[in-house]
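A.B. asks: Can you keep this structure in mind? I'll have questions shortly.
The numbers here are math on the coordinates, done by the rules we state, and not lab data. These figures come from a predicted structure and were not determined experimentally. As a convention, Cβ positions derive from the backbone with ideal geometry for all residues, glycine included, and neighbour counts pool all protein chains shown.
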Amino acid sequence: MVRQLCLFLPLLLASSVKPAVLQIHVVQGDRAVHQPGSRVQTPLVVKITGETGEAVDGAIVSFRLPAGGPGGLFANGLATDIVRTGADGAAAMPPVRWNTTPGSFEIRVTAAKDAARAGLLVSQSLGEARTTSMVTVHPGAASAKPRRKWILLVAGVAAGSLAAGMAVSKKSETSAGSAPSSPGLSVGTPSITIGGPK
């Protein structure tokens, strides 16, 4: 019984010990934008640390690009490449030849040391960063010309009425000595033609 307990004790202890925890921190290259068809311009650099924040030396770090769409290939001709961390826990992604498909993509980064594992997705994109130009439109700017035409039209009609009234007034003054007569003013149906905006 004691002998059997001694045989199983190391197995029980080994199963109760949890593997160390790894953490991946992006040092450089998060949300980087690359020119389609170029080589890597902003390398992705990560740092692998343990659960207490210490750098992990000798961890295996894998960088995996998308299988299709925006992305590229490493120098080995594959979408995946592997490096080991140094004493500082840092690992830089190997050189990449980007394809010519513009758009966003994610690089899957995984790290392993003994039984410990960690994973992270890093967003990047292919294509030039675009700036959005803002155009300010003042309220009523589109209707400024038609409104001006209406104002001129109303002013013209008013001036015409005033001129007709003055003509009638002068005529009645000149014929004051003669027999009274009805004024010769007649107003027909007005005809107004408005063209489209120019």
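A.B. asks: Given 33, 70, 60, which one lies farthest toward the positive end of the charge dipole of the range 17-122, if we put +1 on the Cβ of every Lys and Arg and -1 on the Cβ of every Asp and Glu?
C.D. replies: Farthest towards the positive end: 70.
A.B. asks: Could you pull out every residue, at least 5 positions away or on a different chain, whose amide H is within less than 5 Å of the one on residue 59? Hs are placed 1.01 Å off N in the peptide plane, and Pro or chain starts have none.
C.D. replies: The list, which skips near neighbours in sequence, is 85.
A.B. asks: In the range 32-116, which GluC sites (Glu not before Pro) are in a loop and have at most 14 other Cβ atoms within 10 Å, using DSSP for the loop call? Could you put the intermediate results ahead of the total?
C.D. replies: Working: sites: 51, 54, 106; in loops: 51, 54.
Listed in order of number, the matching sites are 51, 54.
A.B. asks: With 10 angstrom as the radius, rank 34, 25 by how many other C-beta atoms surround their C-beta, starting from the fewest. Write down the numbers at each step before the final one.
C.D. replies: Numbers: 34 22, 25 13.
Placing the least packed residue first, the sequence is 25, 34.
A.B. asks: Give me the Kirkwood hydrodynamic radius of the range 17-122 in Å, from all C-alpha pairs, to one decimal place?
C.D. replies: On the way: mean 1/r = 0.0708 Å⁻¹.
Mean inverse Cα-Cα distance, inverted, gives 14.1 Å.
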